[in-house]
Each structure stands twice: as structure tokens, then as C-alpha cells.
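To keep things clear, I will list the structure first and then write my remarks on it.
The values are calculated or read from the model by the stated rules, or taken from the named source; none is laboratory data. Model, not experiment: these values are computed from the prediction. Ideal geometry is used to build each Cβ from the backbone, glycine not excepted, and the neighbour counts take in all protein chains shown. Ligands, DNA and RNA are stripped out before the accessible areas are found, and what is left, the full protein with its side chains, is counted by its heavy atoms. Shrake-Rupley method; radii C 1.70, N 1.55, O 1.52, S 1.80 Å.
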Amino acid sequence: MKTLLILVVVIAAIAAGGYFGLPVMIDSRTAAMKTEVGELKQRLQKMEDDAKAAPLPADADAARIIGAVNALAAKTAAVENALAKDRAETDTAAREQKTAVEDALKKQADALDRLGRETEAKLQKSMFSSFMAAVRGHVLKVKVELAAKNIGTAKSELELISETFEKAKASAGAEQRRIIVELQGTLKKIQDDVDGDLPAAMNRVDILWHDMSRLLRNS
């Protein structure tokens, strides 16, 4: 149980890291780019304000007007190009960040899935071992009760073994289930012999004990 608790805590820690850590990472990576875009927009706005505040004089000649317009157009184009470049870099960084986040989430999902399967396998093995230990205890009691000719008590123990076998199937692998079916066949013969042929029943109990040892070695 201690091992399972540790595994559950690890799963929770990984999930929490993914849920809370990734948004912070995204915000940190994009904050600087947002700041640069804001600064460029402020510069463009300042240029427009300066142009409005310092209009050309009414008697300006065509060459001066054209020069002023061209200068303003050049500055505006430079800022727009910078903004476009920055937007392109921002989009690229966002795509790269999205890919990185998706990859990180996939790795976490794979790790959680693998950890979950390993935890389930360990839990099933633990449950199966517990069932088999219980069965061995009941088989030993059957041997004692049959030797003492306490048939009624022995029958009760045999019923408990039958119930435990059925429960054990739920946590057994394919090969283990196949062996359990064999053991159930031996158990049924014991139950049939216990009233009419006590020595045969006792011999089959020994066989059941031996076959259970084989099952535990294979598990």
C-alpha cells in the first residue's frame, strides 16, 4: 500500500506540474514580445502626432512638400515593416511554443498512462497473491479437518476455497486463470469424494496443495 500511495502522489504531482506550469511558461515567453509590439505602436503614434503638430507652412513649395511627405512615408513604412516583422516573429514563437506545450503534454500523458498501467499491474498482482494466500490457508484447514474426520467443517472450508477462486480470476492473467480452472476441477472432485471416499478426498487435497504451489511459482 505504501508503494501505491507513492505512485498516486507522483501521478498527482506530474498532473499538477503540467496544469499550472505550462500557462506560466507561455505567459513568460510571450510577455516580452507583447512589450516590443506596444513600444513600436507608441513610436508610430508619436510620429503621427508630431506630423500633426508641425504642419508645413502655407507657402511651402512643391519640392519641400514632396520631401516632407516622402520622409514621413519612409518613417511610417519603417515602423510598419518593423511591426510586420515583429508580428511574424511573434507568430513563429507562438507556434513553436504551442508545439513545445503539446509535446510536453503528450510526454506527461504518456508518462501518466505508463505509470497507471504499472500501478494497476502491481495492484492486480498484490490482490492475486492475497487471494492465493487465503486459499492455501483454507486448503491447510481442510487437510486438518479431514484428518480429524470433521467433515462438516471441511466442507465449509472447501466452499470458501471455491468462492476465493472465483474472486481470484478477476485479478489473474490468462495463464493464471487457466490454472485456476484446473484447480477448480480438482476442488470439485474433492467435494464429490469427501462424503463417499475420504482417503481419495485427502489425496486430492494434497494434489490441490501441490498444484497451487505451481501456480504461485508461475505468477
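Were the residues from Glu175 through Asn203 laid out at 0.36 nm apart, the gain over their Cα-Cα distance would be 7.6 nm.
To the nearest 10, the accessible area of Arg87 is 130 Å² with a 1.4 Å probe. Using Cα centres only, tell me the gap between segment 182-200 and segment 95-112 in whole Å. Here the two parts' Cα centres lie 59 Å apart. The magnitude of the dipole of segment 65-219, with charges of +1 and -1 set on the Cβ of Lys/Arg and Asp/Glu and taken from the Cα centre, is near 220 debye. Taking every lysine pair in segment 85-190 that is 8 or more places apart or spans two chains, those with Cα atoms closer than 15 Å amount to 10.
Over segment 118-193, with a single point scatterer placed on each C-alpha, what log10 of the ratio I(q)/I(0) does the Debye formula yield at q = 0.11, 0.23 1/Å? Results for segment 118-193 at q = 0.11, 0.23 Å⁻¹ read -0.30, -1.01.
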